[in-house]
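The values are calculated or read from the model by the stated rules, or taken from the named source; none is laboratory data. None of these values were measured; they are calculated from a predicted model. For neighbour counting, all protein chains shown are included, and Cβ atoms are generated from backbone atoms with ideal geometry for every residue, glycine included. Just the protein is used for accessible areas: all its heavy atoms, side chains included, with ligands, DNA and RNA removed. Shrake-Rupley method; radii C 1.70, N 1.55, O 1.52, S 1.80 Å.
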Amino acid sequence: GQNIDQPTEMTATEGAIVQINCTYQTSGFNGLFWYQQHAGEAPTFLSYNVLDGLEEKGRFSSFLSRSKGYSYLLLKELQMKDSASYLCAVKSLREGTALIFGKGTTLSVSS
Amino acid sequence: DAGITQSPRHKVTETGTPVTLRCHQTENHRYMYWYRQDPGHGLRLIHYSYGVKDTDKGEVSDGYSVSRSKTEDFLLTLESATSSQTSVYFCAIAAGQGRTDTQYFGPGTRLTVL
């Protein structure tokens, strides 16, 4: 079967660091994606990991461990505008195949 | 901006009526997808297309059909809408090269079936 788990909700304060975890069990693996989705809007692409390790992009970093079926998204220097849902998604081996999404983690940032 | 538009953006319809949602892209991408998003379920694939007239079913395809007669347009049809099809529908395209292609989403269509 295919399963992607991430926490439903998280809260943090402005300026802090937050880590959103994602574990997955899928048949075949060709990369893990993170998307950000503000309420009432479309998901927007944040990051992509296909090899083990950390990918850094400004305030956002994403980590992957394929042997553990585990990823996390790290958000530093949190801002109010980071309040959103964060979606973890896995892509299988076939080219062009759709993503399998977790249910998303709603992050609330307070001042 | 991946040049994706969806129409209509909002629609209210009645049970039993047919509904067609349109996804239009301007950048000649080969792969296009339809997802629905519901609270507690996340995004789920309905159908996808890998070229003109080439489509395949996704996880939640029952009650939906699709057509792609031109590269730029991917249509999703609910033959006879039901209240369980009330949802937000997102179209996506895959841009990039081969296995590293990334999916980008349109703005979404909010459909309410009464």
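Considering all different alpha carbon pairs of chain B, the Kirkwood hydrodynamic radius works out to 14.0 Å. Counting charges near B:Gly108 (Lys, Arg +1; Asp, Glu -1) among other residues having Cβ under 11 Å from its Cβ returns a value of +2. By the rule of a C-alpha distance below 15 Å, with chain neighbours fewer than 8 residues away ignored, the aspartates and glutamates paired with A:Lys68 are A:Asp5, A:Asp52.
Computed over neighbours whose Cβ is under 15 Å from that of A:Trp34, the net charge equals +1, Lys and Arg +1, Asp and Glu -1. The Rg/Rh ratio of the range A:7-62, with Rg taken over Cα atoms and Rh as the Kirkwood radius over Cα pairs, comes to 0.97.
Straight-line reach from A:Lys76: taking Cα to Cα under 23 Å and skipping same-chain neighbours fewer than 8 places apart, the lysines in range are A:Lys57, A:Lys103. Taking both sides together, the accessible area buried where A meets B is about 1700 Å² for a 1.4 Å probe. Placing +1 on the Cβ of every Lys and Arg and -1 on the Cβ of every Asp and Glu, with no other charges, gives chain A a dipole of roughly 220 debye about its Cα centre. Highest-first packing order for the peptide set B:7-13, A:5-11 is A:5-11, B:7-13, based on the mean count of other beta carbon atoms within 10 Å. Compactness ratio for the protein assembly as shown: Cα radius of gyration over 2.2 N^0.38 Å (N = residue count) comes to 1.02.
The reciprocal of the average 1/r between distinct C-alpha atoms defines the Kirkwood hydrodynamic radius, which for the range A:1-107 equals 13.9 Å.
Using Cα positions and a limit of under 16 Å, work out the aspartates and glutamates in reach of B:Lys57, with same-chain residues fewer than 8 apart set aside. Answer for B:Lys57, where 16 Å is the Cα cut-off: A:Glu95, B:Glu79, listed by chain and number.
Rounded to the nearest whole Å³, what is the per residue volume of the convex hull around the Cα atoms of the range A:45-111? Taking only Cα atoms, the range A:45-111 has a hull volume of 101 Å³ per residue. By DSSP, the beta bridges lying fully in the range B:10-114 are antiparallel in about 90 percent of cases. Protein heavy-atom accessible surface, 1.4 Å probe, per residue over the protein assembly as shown: 48 Å².
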